[in-house]
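Report on the following structure.
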Amino acid sequence: MTLPSAIRSVHARRVWDSRGRPTVEAEVALHDGSAGSAIVPAGASKGTREALELRDGGDRFGGLDVQCAVAHVNGEIARAVQGLAADDQATLDARLVALDGTPTKARLGANATLAVSMAAAHAAAAAHGVPLYQYLGGADAALLPMPQIQIFGGGAHAGRRVDIQDFMVVCPGAGSFAQALEWTAEVYRHAGLLMRARGALVGVADEGGWWPAFDTNEMALEALVSAIERAGFVPGEQVAIALDIAASDFGRGGRYTLGLERRELDSDGLIELLLRWCERFPIASIEDPLGEDDAPGFTRFTAAVGHRLQVVGDDFLVSSAALVGEAAAAGAANAVLLKPNQRGTLTETLQCWDAARALGYAGIVSARSGETEDTTIVHLAIGWQAGQLKVGSFARGERMAKWNEALRIEERLGARARFAGAAVFGRNGARPPV
Ligand code: PGA
Ligand code: ZN
């Protein structure tokens, strides 16, 4: 007998992301008539240990076409998953991993496997007649994440105009997700006014943050504090700073080159600079402070500030349970960014979060710089009770689609909704500065 949740068909097509680049959308249809679809995102400042995103190469669209990945879904993958239960995600994802047969999804492409993995989860939720977050997390899925929202975009997302990639805010003083968005909206607006008043260009970077027309990295931090104050909030208490240094983008082998300041630093030099910023500015969270290959630097930095700040591994941990295990043993970082396309299936991403949580790490479900209208990650953040969500800035449809989806869920949960609040920074004893 065929299970109602058995996969009847899988179909993929090429669609386009927020940078106008090709990406993969998959649709999964079940025997009971339920269906689900999902679109994979794409990063620009990627970790070298991420699962491989399959691109066609050649001249078309700068070599970034995804016709091979689409063909893999419509051919091999569709045949291999037909008849599997969409609501047995672990078995489905294990089939995708085995079918690919490489450690990095290099044959089929993580963009092919993730599209199917996520679309199947949507179809399964539809078959069960519940929203995806509830299907994933059951009745416990009522924790709204603390948003990390970019105000200035830099690094690889802004032509390296400044070295640091993400100048973000978090709202430890907010009482709800909706209020955190309201506060951020004011900070974002005041940051734009401030740039305009300085005669700076007021365009936006890849993820919607204001274009970082600054002469030094510190000037961007000062402008962020001004924007928080002008918006009427107490920096560090109500609204604090979260940074993604994305240091792998300007350093290898423990040597870092700050292009904006024409400075060369070794690991200890970069750590000293960041520690000074942590003293001067109300920073609550700092991501990839050192390069992905600088585990000793990560350990030294975490030993210095990990008791009071969130130290996040993105390129450093690439959503890998194994790498989180190694980092924990070395005392490196105390939080992990969770990006499903760094692994290529939902199950492997969840395994990373389960491992991280058991080791006392905080979790931040994250979008990529190349995004679409897909809102799957919002449901993952709530369904997996990650407690934090990072999707870029407070502008551009592909970002707002996610914030707005979380607002809808918060409203729908009503009195059952809980907001992660300042407590998310409390794991491992880390606290936002007051
Ligand atoms: P990416 O950047 O999606 O371009 O890799 C996002 C991040 O570093 O968090
Ligand atoms: Zn990052």
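The values are calculated or read from the model by the stated rules, or taken from the named source; none is laboratory data. The model shown is predicted, which means the values in this text are computed figures rather than measured ones. Cβ placement follows ideal geometry from the backbone for every residue including glycine, while neighbour counts extend to all protein chains displayed. Accessible surface is based on the protein model in full, side chains and every heavy atom, while ligands, DNA and RNA are left aside. Shrake-Rupley method; radii C 1.70, N 1.55, O 1.52, S 1.80 Å.
Once both labels are positioned 7 Å from their Cα atoms along Cα-to-Cβ, the gap between T257 and A106 label points is 2.8 nm.
When the helices of the chain are scored as -39500 (n - 2.57) per DSSP H run of n ≥ 4 and the total is divided over every residue, the value at 222 nm lands at -11000 deg cm²/dmol. Remark: spin-label model distance R14-R308 equals 5.3 nm, labels positioned 7 Å along the Cα→Cβ axis. Rounded to the nearest 0.05, what FRET efficiency is calculated for R280 and A415 with R0 set to 45 Å and r the Cβ-Cβ distance? So the FRET efficiency works out to roughly 0.65. Each of the peptides 22-35, 329-342 was scored by the mean count of other Cβ atoms within 10 Å over its residues; in descending order, highest first, they stand as 329-342, 22-35. Between the listed residues G36, S18, N74, the Cα displaced farthest toward the positive end of the dipole of segment 7-129, a dipole computed from Cβ unit charges relative to the Cα centre, is found at S18.
Within the set of other residues whose C-beta is less than 9 Å from the C-beta of D249, count the net charge using Lys and Arg as +1 and Asp and Glu as -1. That works out to -2.
Selection among G129, A213, N111 by position relative to the dipole of the chain gives G129 as farthest towards the positive end (Cβ unit charges, Cα centre). What number comes out for the charge environment of L99, summing +1 per Lys or Arg and -1 per Asp or Glu over other residues with Cβ under 9 Å away? My count for the surroundings of L99 gives 0. Taking a ≥ b ≥ c as the square roots of the eigenvalues of the Cα gyration tensor, an a/c ratio of 1.5 or more together with a/b no larger than b/c marks segment 158-198 as oblate. For E76 and V130, the FRET efficiency from 1/(1 + (r/R0)^6), where r spans their Cβ atoms and R0 equals 41 Å, is about 0.85. When only the Cβ of Lys, Arg, Asp and Glu is charged (+1, +1, -1, -1), the dipole of the chain relative to its Cα centre reaches about 360 debye. Relative to the current alpha-carbon distance between N404 and D32, full extension at 0.36 nm per residue lengthens the span by 130.9 nm. FRET efficiency for R189 and M1, Cβ-Cβ distance as r, R0 = 56 Å, nearest 0.05? It comes to 0.45. From the Cα gyration tensor of the chain, with a ≥ b ≥ c the square roots of its eigenvalues, which class applies: rounded if a/c is under 1.5, or else prolate if a/b is larger than b/c, or else oblate? Judged from the Cα gyration tensor, the chain comes out prolate (a/c at least 1.5, a/b above b/c).
Is the shape of segment 70-196 best called rounded, prolate or oblate, per the rule: a/c under 1.5 gives rounded, else a/b larger than b/c gives prolate, else oblate, with a ≥ b ≥ c the square roots of the Cα gyration tensor eigenvalues? Verdict is oblate for segment 70-196. Computed over protein heavy atoms with a 1.4 Å probe, the carbon and sulfur contribution to the accessible area of the chain reaches 52%.
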